[in-house]
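Working notes, structure below.
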Amino acid sequence: MGFLTQRRDRQLAAMQAAGRTVGRSLWQDALRRFRSNKAAMGSVFVLAFISLMAIFAPMLSPHTLEDFYWEYILVPPTLENGHWFGTDANGRDMFVRTFYGARVSLTIGVMTTAVALLIGVTWGSVAGYFGGRIDNIMMRIVDVLYALPLLFFIIILVTVFGRNIYLVFIGIGAVEWLTMSRIVRGQTLSVKQKEYVEAARAIGLSNLVIVRRHVVPNIIGPVIVFVTLLIPTTILVESYLSFLGLGVQEPMTSWGTLISQGAASIDTGPWLLVIPGTFLAITLFCFNFIGDGLRDALDPEGR
Amino acid sequence: MSRPLLQVENLRVHFPVGGGLFSRPRMLKAVDDVSFQLAPGETLGVVGESGCGKSSLGRAVLQLIPPTAGRVLWLGEDLCRLDDDAMNVKRSELQLVFQDPLASLNPRMTVGGILREPLYSFEPGIARSEAEDRAAAMMRRVGLRPEMMNRYPNEFSGGQCQRISIARAMISRPRLVICDEPVSALDVSIQAQIIALLRELQAEYEVSYIFISHDLSVVRHLCHRIMVLYLGKLMEIGPKRDIFDTPRHPYTQSLLSAVPIPDPRRARQRDQKLLEGDLPSPLNPPSGCVFRTRCPHATPLCIKSAPVLEATGSEAHQVACHYWQSLTPETHTDQPTGE
Ligand SMILES: Nc1ncnc2c1ncn2[C@@H]1O[C@H](COP(=O)(O)OP(=O)(O)O)[C@@H](O)[C@H]1O
Ligand code: SF4
Ligand SMILES: [Mg+2]
């Protein structure tokens, strides 16, 4: 401990000698608090590991999604024959399928959340910043869309346009941005009252610049927390849709598809359900721990 | 007095309040028919209880909220009639400083970023090195070390934050700075430092101030003239010495008697005229004279008709009260007017 503080003191002294003083922003404070949260940091490493596996495992494995091994039908997980996670009823390698499913599920989670983030932050901050009639109209639209059930919406999309993974993106994103825009609007309303926004108007900045430079950076904390909770939600929604047969199509697969197939063969091959189910559950837990950690780290009261 | 820098004529700021689908909103008259002038290099104090419309007045002068009626003449030009772009060009000359030191500064920007922002806005194309030099010079001028440029507002004390706010307002060399209770949130010892700083800057830059405060003892040290507001209306305006020595309006008199006197013997001798009752709702102000519900001298005439502003002995000292002549002005000679 003493050694560490000594080293820090020396660094600080060196920087001051160089004529510079470093500032510690709220972000840096938050990062320091987040780092000291063991559950959240552990989750970051686990998620990073799963993501790396999702990217590289299908590339490095000798098996592909479409290799059928007739001599290995419904083999349980083993280290002996190269099928570490076993095989399914068609003799396909579950290791590749699990991480291929991870790719699809994580991509859907991140992409739809990005869509929801972009639309929701823009919509909510404009409504909150301008207020009055503009706010009224924009938030009524949100209310109306809220009343539309997600599943109903996606079934309509699928029946009109056919089954397509991009429709799943759009469908989930189109619904999830609504909550995002409400959160952002509420935050914007409170940031708008702050004197620094008025000071920004007094130096003649345009509304666009004020929203971008003074409003959005100050509402981003709760938004980040919501994002970490939205990603697992969309992963879960995709699984749910795949389970109902509305999600991705063979030979592509996702955790939802794998779980639905595994549930069908729970007597003959329980690992077909247990393995993708475990990965899904771990991923959901990790995102939740990270979300909690971020909320504690970004909460100004927590300082 | 030279040519006025600012002339405010019959300014009104009314806010629509409430009002649902079927009911018309009621009008809250935050500022009602206020007129005054300001000379270059002059400081006008604006006093009144909280909720009397002081901040609304300041924001309307700067066109940060649209005035409902009236004119704001800046060197003879009506600011209310300028479009946004033309007004934004003028803004380098009209700045403001707020009450809450920390809320005045964007917590996500460094102090250097905060100080450079007005320069980039008012002088597009200014070189980064020049902006940095000027920000550093301004920091030194308000008593902060330029090495702290890369720090964030949360690392500064309230008094230091207020210095940063003042630096941000002054860096574009404005001719008018509206100070909206700039010291009300600070410790007394720090208040004096900030007021001294504002005074030095005024001498150096020949800037005019509109200094808003709910506390007469704060404006005493800085202001040349004082204006007293009550429920959005002008009650009394005049040179500082007249307001402190011969206050004419009963409201001014009671505000003055609330100013603490350091000497307890003299404090006891003083006729206590502390205000009774609460401020009436600005949505439903009293008829006639708005001050009548709390005025010790109110008569039926005060219920019926509103007094108009009239000059007292000197043209510069004006008061809105039916009975100002018969009310013996307190001789507040025990009040040091301060220089
Ligand atoms: N944006 C607004 N909408 C409605 N009412 C307002 C608004 N701003 C101020 N008011 C009201 O106007 C009155 C004067 O407020 P303000 O100018 O802030 O007074 P002061 O600065 O003297 O405390 C208060 O009654 C306040 O509630
Ligand atoms: S007009 Fe009447 S009520 Fe108003 S201040 Fe004068 S005496 Fe009081
Ligand atoms: Mg105020």
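A compact table of results
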| read-out | value |
| --- | --- |
| Residue under evaluation A:ALA54, criteria (1) assigned by TED's automatic domain parsing to the domain that holds A:CYS286; (2) at pLDDT 80 or above; (3) open to solvent by 60 Å² or more (accessible area, probe 1.4 Å), criterion not met | (3) |
| Residue match in the stretch B:65-73 (condition: within 26 Å of A:ILE219 (Cα to Cα) and either among the polar types (S, T, N, Q) or without any contact (Cβ under 8 Å) to a residue 60 or more places away in the chain (or both)) | yes |
| Some residue of the stretch A:200-220 being open to solvent by 60 Å² or more (accessible area, probe 1.4 Å), over 23 Å from the mean Cα position of the chain (by Cα), farther than 24 Å from B:ASP100 by Cα and of a type in the set (A, V, I, L, M) | yes |
| The lone exception for B:ARG108 - which of (1) closer than 18 Å to B:GLY232 by Cα; (2) facing chain A (nearest Cβ under 7 Å) it fails | (1) |
| Verdict on A:PHE161 being modelled with pLDDT under 90 and over 23 Å from the mean Cα position of the chain (by Cα) | yes |
| Residue list for the stretch A:265-295, filter: in a helix (DSSP H, G or I), surrounded by fewer than 21 Cβ atoms within 10 Å (Cβ to Cβ) and either at pLDDT below 85 or among the β-branched types (Val, Ile, Thr) (or both) | A:VAL274, A:THR278, A:ILE282, A:ARG295 |
| Any pair with Cβ under 6 angstrom, 6 or more apart, that starts in the stretch B:116-135 at a residue that is within 11 Å of chain A (Cβ to nearest Cβ) and ends at one that is not in a helix (DSSP H, G or I) | B:PRO118/A:ILE203; B:PRO118/B:ILE171; B:PRO118/B:SER172; B:LEU119/B:ILE126; B:SER121/A:ILE203; B:SER121/A:GLY204; B:SER121/A:LEU205; B:PHE122/B:SER172 |
| Pick from the stretch B:21-65, criterion polar (S, T, N, Q) and assigned to a helix (DSSP H, G or I), ranking: least open to solvent (accessible area, probe 1.4 Å) | B:SER56 |
| For B:ARG71: the one exception among (1) farther than 26 Å from B:ARG199 by Cα; (2) at pLDDT below 95 | (2) |
| Selection count, the stretch B:96-131, where residues are aromatic (Phe, Trp, Tyr) and under 23 Å from A:SER25 (Cα atoms) | 2 |
| Close pairs (7 angstrom Cβ cut-off, 6 or more residues apart or separate chains): among the small types (Gly, Ala, Ser) in the stretch B:168-181, within 16 Å of ligand 2 (Cβ to nearest atom) anywhere | none |
| A:PHE45 being within 19 Å of A:LEU280 (Cα to Cα), open to solvent by 60 Å² or more (accessible area, probe 1.4 Å) and modelled with pLDDT of 90 or more | yes |
| Residue in the stretch A:149-163 that is within 14 Å of chain B (Cβ to nearest Cβ) and under 20 Å from A:LEU118 (Cα atoms) present | no |
| Flag for A:VAL144 being buried (at least 16 other Cβ atoms within 10 Å of the Cβ) and aliphatic (A, V, I, L, M) | no |
| Subset of the stretch B:205-239 [closer than 23 Å to B:PRO4 by Cα, touching a residue at least 60 places away in the same chain (Cβ under 8 Å) and open to solvent by 20 Å² or more (accessible area, probe 1.4 Å)] | B:GLU206, B:ARG220, B:HIS221, B:HIS224, B:ARG225, B:LYS233, B:PRO239 |
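Conditions tested, residue by residue: (1) in contact with a His (Cβ under 9 Å, 6 or more places away or on another chain); (2) among the hydroxyl-bearing types (Ser, Thr, Tyr); (3) away from ligand 3 (no atom under 13 Å from the Cβ).
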{"residue": "B:LYS29", "(1), (2), (3)": "yes, no, yes"}
{"residue": "B:PHE36", "(1), (2), (3)": "no, no, yes"}
{"residue": "B:GLY48", "(1), (2), (3)": "yes, no, no"}
{"residue": "B:PRO66", "(1), (2), (3)": "no, no, yes"}
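The values are calculated or read from the model by the stated rules, or taken from the named source; none is laboratory data. Everything numeric here is computed off the predicted structure, so don't read it as measured data. All Cβ positions, even for glycine, are placed from backbone atoms using ideal geometry, and neighbour counts span all protein chains on display. Just the protein is used for accessible areas: all its heavy atoms, side chains included, with ligands, DNA and RNA removed. Shrake-Rupley method; radii C 1.70, N 1.55, O 1.52, S 1.80 Å.
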